[in-house]
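Read the structure below first, then the notes.
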Amino acid sequence: MPRKKLRTTIAIKREHHLLLRALAAKRGLRGYSEIVAEALDLYFRDRAKEVEELLSSQKTKRKAKPKFDS
């Protein structure tokens, strides 16, 4: 099953925005989400060890069930 895509808003430099638009136009894309996703994949791939540590700690936190006072 494909993962659901999430929408978000970020603040970026004007020059980054202009470059993203130009690159998207060159590739024939309507938007630049695909380019941002590609950049994030590269960024996280370069930091694989840190990413694995973060994901492992998140899995541990999700497994812990919250305790409520009765």
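Of note:
- Full extension of the segment from Arg45 to Leu19, taken as 0.36 nm per residue of separation minus the current Cα-Cα distance, would add 7.1 nm.
- Hits among aspartates and glutamates - C-alpha to C-alpha of Lys5 under 19 Å, sequence gap 8 or more where chains match: Glu34, Glu38, Asp41
- Judged by the mean number of other Cβ atoms found within 10 Å, the most tightly packed of the peptides 29-38, 8-17 leads the ranking 29-38, 8-17.
- Under conditions of 25 °C and 0.890 mPa s, region 1-55 yields 187 µm² s⁻¹ as its translational diffusion coefficient, taking Rh as the Kirkwood radius over Cα pairs in the Stokes-Einstein equation.
- The Ser33 and Leu54 beta-carbon pair, evaluated with R₀ = 35 Å, returns a calculated FRET efficiency of approximately 0.95.
- Mean Cβ count within 10 Å, highest first, over the residues of peptides 44-50, 21-27: 21-27, 44-50
No value in this document is a laboratory result; all are computed from the given coordinates. Everything numeric here is computed off the predicted structure, so don't read it as measured data. Cβ: placed from backbone, ideal geometry, glycine included. Neighbour counts: every protein chain shown.
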